[in-house]
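First comes the structure, then the notes that go with it.
Any read-out appearing in this document is the output of simple, stated calculations on the displayed coordinates, not a laboratory observation. Bear in mind that the values here come from a model prediction, so they are computed numbers and not experimental data. Every residue, glycine among them, receives a Cβ derived from its backbone with ideal geometry; neighbour counts consider all protein chains shown.
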Amino acid sequence: MKIILATKNQGKIKEVIKILNDDNIELLSLHDLKDVPEIIEDGSSFEENAKIKANIIYNKYYMPVIGEDSGLSVEQLNGRPGIYSARYAGINASDLANNLKLIEEIKNFPQPHFAKYTCAAVYYDGKEYKTAFGEMKGKVIEKQQGKNGFGYDPLFIADGCNKTNAELDPEEKNKISHRYKAFNELKKILFN
């Protein structure tokens, strides 16, 4: 079964391929397709943005699609960056720019800076949407640590860990991540 993962984010692609490791699934990304339409994420939630991605890509290629949207929400910032996580420091902002903006915004608040990652994964086959969610709770620190991962991983320490996500081995992170939880749940919904 061919499924398009509606993303160009290499970090997400690698993680999802490992999570959905299944002989019955051939996962394509937007890098594998031609004439990919522009996707404007203007939903008001992770789930809405995931559905937007899935819908646009399905209507272009007529193949089953998984749209995914995820991000970091910091309690002291009233849930920001939230759905704007990837573009927090501006459109096409680098991970470093987003991290530096977050550090600047939290430094005037007392520690700990409680936060959570959220992921919404939405499968769409042209008939119905099937949605799964995952969360990873923890805290954000004020100095980047580690070289693995992507996004806010150098600033995020999951509950029960003493290292940032970027200091964890990718296999360790995949076992506890919000994305793992969402895609594992979606896999159960689709194939059980």
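Can you tell which of G151, G71 is surrounded by 21 or more Cβ atoms within 10 Å (Cβ to Cβ), touching a residue at least 40 places away in the same chain (Cβ under 8 Å), assigned to a loop (DSSP other than H, G, I, E, B) and in contact with a strand residue (DSSP E or B) (Cβ under 9 Å, 6 or more places away or on another chain)? Show your work before the answer.
Working: G71 fails: assigned to a loop (DSSP other than H, G, I, E, B).
Result of the check over G151, G71: G151.
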Worksheet item: In region 74-93, which residues are exposed (fewer than 15 other Cβ atoms within 10 Å of the Cβ) and closer than 24 Å to L27 by Cβ?
Response: none
Worksheet item: Scanning for something touching a Lys or Arg at 6+ places or on another chain (Cβ under 6 Å) and closer than 23 Å to K8 by Cα, does region 133-142 turn up at least one residue?
Response: yes
Practice prompt. Sort out which residues of region 159-191 are hydrophobic (A, V, I, L, M, F, W, C) and over 15 Å from the mean Cα position of the chain (by Cα), and write them in order of number.
Written response: C161, L168, I189, L190, F191
Worksheet, complete the sentence: Checked region 74-88 for anything in contact (Cβ under 8 Å) with a residue 24 or more places away in the chain and either assigned to a loop (DSSP other than H, G, I, E, B) or among the hydroxyl-bearing types (S, T, Y) (or both); matches are R80, S85
Item to complete: Return yes or no: is I17 farther than 14 Å from D69 by Cβ and touching a Leu at 6+ places or on another chain (Cβ under 7 Å)?
Response: yes
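Every residue, every condition in (1) without any contact (Cβ under 8 Å) to a residue 60 or more places away in the chain; (2) closer than 22 Å to G82 by Cα; (3) loosely packed, with under 15 Cβ neighbours inside 10 Å, yes or no:
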residue: F133; (1), (2), (3): no, yes, no
residue: N162; (1), (2), (3): yes, no, yes
residue: A166; (1), (2), (3): yes, yes, no
residue: K181; (1), (2), (3): no, yes, no
